[in-house]
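A short worksheet on the structure shown next.
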Amino acid sequence: MKTYQIICFLIACTLFQNCGFYSFTGADTGTAESFQVNFFQNNAPLIEPGLDIDFTNALQDLIQNQTKLSLVNSGGDLIYEGEIVEYRISPTTAIAGDRAAQNRLTITVQVRFFNNTKEEANFDQRFSFFFDYEGAEQLIGSQKDTAVAEIFERITQDIFNASLANW
């Protein structure tokens, strides 16, 4: 019985040791140990105050929460930079009297990703998502906060997947 327990213990140790390299998020950080997210300036034709800081923080938070990488201000192994290039509200469906039954907020971000440990992973790409809301409502207060949070959640996850997911 003792030999059986020792063998089971060794097998369990081997399995747990191998699991140390697996990430439940699917992140493949390779040999990278740090990342930096440079300030994403808002260059959209329609400027929403504070959007730039909120997006920069959302991207930093997502990467910190889904990897073991250290956030640094400069010299990161992985570097994210870019700008917000679109913040647009447009009608999606119309009703009688030239009114919108539903409106759509669209935010687009241009991202440049540099992987200093694996340069073939670098990219320069646009990421965009939208939020639909009733045409009779105005995009202010908690409605706007909800819309922006949902859009940022999707865009930051798409950026994460494009830069670090190993599917």
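Brief remarks on what is shown
- Förster-model FRET efficiency, 25 Å R0, Thr117 and Gln41, C-beta, rounded to 0.05: 0.40
- Label sites at Glu86 and Ile140, each approximated as a point 7 angstrom past Cα along Cα to Cβ, lie 2.7 nm apart.
- Note on segment 30-128: antiparallel DSSP beta bridges, both residues inside, total approximately 75 percent of the bridges counted.
- With Cα atoms as the point set, segment 33-167 shows a radius of gyration and Dmax of 16.6, 58 Å.
Just so you know, all these numbers are worked out from the coordinates, no wet-lab data involved. Note that the coordinates shown come from a computational prediction; the quantities given were computed from them, not determined experimentally. Neighbour counts are summed over all protein chains in view; Cβ atoms, including those assigned to glycine, are modelled from backbone coordinates with ideal geometry.
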